Structures are given as structure tokens and as C-alpha cells.
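Below is one structure; the comments refer to it alone.
None of the figures in this text is laboratory data; all of them are computed from the coordinates on show. If you're wondering where the values come from, they're calculated on a predicted model, not measured in any experiment. With ideal geometry, Cβ positions are generated from the backbone for all residues, glycine too; neighbour counts draw on all protein chains shown.
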Amino acid sequence: MLRMDPARTPLGRMLMEEITPVVMVLRTPLVEESCLKNGLSFIEMLSPFCNFTNIDVPVRTSSDQPYRLQKFKLRLFYESNIRQPDLEIAKEQLKKVITQVGEKDHSELSSDPPHISNELAKSGSEIWPSWFEFINKELIRMVSFSEHEAFDHPVACLLVVSSEDEEPINKFVDLFNSNKLPALLNDGAMDPKILKYYLLVHDNQGGSSEKATKILTDMKNTFGSHDCKVLCINSTQEGQTEHHDNVWAPFVRYF
């Protein structure tokens, strides 16, 4: 049976982008400070590594139907963003997006119309209103992290500490036990027993990696050898650097 690639349709692309596993990120201020020296937040730095396209993984389904996963994506969110937006704010934001898209469509109508032969040559999946993807993406964002569905509930937690943090092992423990966790998790709507992964960020510009190696050993002794890693980065020595949007885009296809 021939299967259609969902990435070929606007609806399929939207589902592949938005209905994917969420990982909650808890980090110390020093982690973000190190990353921002290069003009990127911690999540922005990791984003290109969250898309997997050249894979072929068998998946077990409830009906025992054979299925192989060809693409996979993770979504990363800071704990402070795992909350449902205020209803009134969400309505105003949605109105603003609709207005902006309407103005864009109006300007396109004022330009030269497309040639009829070009339009007829398009496949059915390409003949969608230009506002479809914009509105749907914004609408999904506005209703995310609700109590009645679990698409956006984190399946894992990434705890991140800098090698420059004082008492890094205690920092890891404090991150998940703090009062800054999402309300949905504290209220029991989300499962608190999620997978935890411990990451130590070491800036090579800040000193030798020997300190990071020692901390990593302590991490493995405390949290388990399979759930701990160290990530070495190189921050700029000239202060914060401005980058063009989507600075990782040229390299994503190689990961």
C-alpha cells in the first residue's frame, strides 16, 4: 500500500512540527549566561540537534501493524514557558495574527495575479490559503499545555548546570525541587515521574576541562552513569555577538 508523505501537505507538516515529544529544560543562570555570549540561548543552541531525518527505526504499535519511523523531532521548552497563556491575552494575540495575515493577503491581491496555467499545475496539497499555516500554528500555541490533553506534557526533563556553578551536584538536585516548576506539574496534571537527564555545560574559555571531568565523575556516582553528560562550548571572547536569524540553518542537514 502506497503511503503519502505527511510532509507534503500543510496539515501534515503542522502535525509533524507540533505533535512531537516535549522535553522540559531546567538550567541555572550561568548556563544561559555562557550561551548568550555567542548570541544564542541554550535552547537555540540545541535546536538543530532536535531534528532527526535520516533514521529508520521500527515502532511497535498496539495493533501489531509494521511501522518504521523515518523522521523524528523533539521540542524543547524552558519550565517557565510550560503553561497555558491567559485566555484574554491569547485572544488578542490571535486577533493580531489574523490582522497581519489579512494585510499580507491584501497586498498580494494588489500585485499581478498568477498565471492560470501555473495554478492548475499545482497539486491539491499546494492549493491552500496562505494564512492556513500561520493561523493554525498560532492557534495551537495558544491552546498548548492545557490540563485536558497531554500532547505538550513533557516526557523527559533536561537538567543543566554550569561547571562554574558552586556545588554543582546540589544545583542539579535543587533545580527539580524548586518552586519554579510548572503549575501543571505541581498540581498533579502532569506526571512528575518523568525521565531525567543531567547535563554539565563547560565553557572552554573559562578554564581547563579537568574541572568538568571531575564534576562529571561525581554526577555519574550520584545520578547514574548512563544519564549524565558534559557539553563543552566555546564562547566568544569579545562579548555578545549578533547573529543572523536561524544561524544554524546552513548546517542542519549535516546533523
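Pulled fully out, how much extra length does the chain show between Thr99 and Lys193, if you take 0.36 nm times their separation in residues and subtract their Cα-Cα distance?
Values: separation 94, 0.36 × 94 = 33.84 nm, distance 4.22 nm.
That works out to 29.6 nm of additional length.
Label points 7 Å out from Cα along the Cβ direction at Asn204 and Ile55: separation in nm?
Calculated label separation equals 2.8 nm.
Assuming R0 = 45 Å, what is the FRET efficiency of Gln65 and Lys91, from their Cβ-Cβ distance, to the nearest 0.05? Could the numbers behind the result be given before it?
Numbers: r = 41 Å, r/R0 = 0.92.
E(calc), rounded to 0.05, equals 0.65.
Among rounded, prolate and oblate, which fits region 7-104 when a ≥ b ≥ c are the square roots of the eigenvalues of its C-alpha gyration tensor, a/c under 1.5 means rounded, and a/b larger than b/c means prolate? Could you put the intermediate results ahead of the total?
On the way: a/c = 1.96, a/b = 1.19, b/c = 1.64.
Verdict is oblate for region 7-104.
What full-extension length gain, to one decimal in nm, is calculated for Phe72 and Ala150 as 0.36 nm per residue of separation minus the Cα-Cα distance?
Details: separation 78, 0.36 × 78 = 28.08 nm, distance 1.82 nm.
Using 0.36 nm per residue and subtracting the Cα-Cα distance, I get 26.3 nm.
Note the full-extension length gain between Thr217 and Asn170 as 0.36 nm times their separation in residues minus their Cα-Cα distance, in nm to one decimal. All intermediate terms of the calculation are to be shown ahead of the outcome.
Numbers: separation 47, 0.36 × 47 = 16.92 nm, distance 1.44 nm.
Contour length minus Cα-Cα distance gives 15.5 nm.
Lys180: which lysines have alpha carbons under 29 Å from its alpha carbon, excluding same-chain residues fewer than 8 sequence positions away?
Lys37, Lys73, Lys91, Lys137, Lys171, Lys193, Lys196, Lys211, Lys214, Lys220, Lys229
Could you pull out every residue, at least 5 positions away or on a different chain, whose amide H is within less than 5 Å of the one on Arg27? Hs are placed 1.01 Å off N in the peptide plane, and Pro or chain starts have none.
Placed amide hydrogens put Val160 under 5 Å from Arg27.
Could you order the peptides 198-210, 20-32, 46-58 from most to least packed, using the average number of other C-beta atoms within 10 Å per residue? Don't skip to the answer; put the middle values down first.
On the way: 198-210: 16.8, 20-32: 19.4, 46-58: 12.8.
Output ranking for 198-210, 20-32, 46-58: 20-32, 198-210, 46-58.
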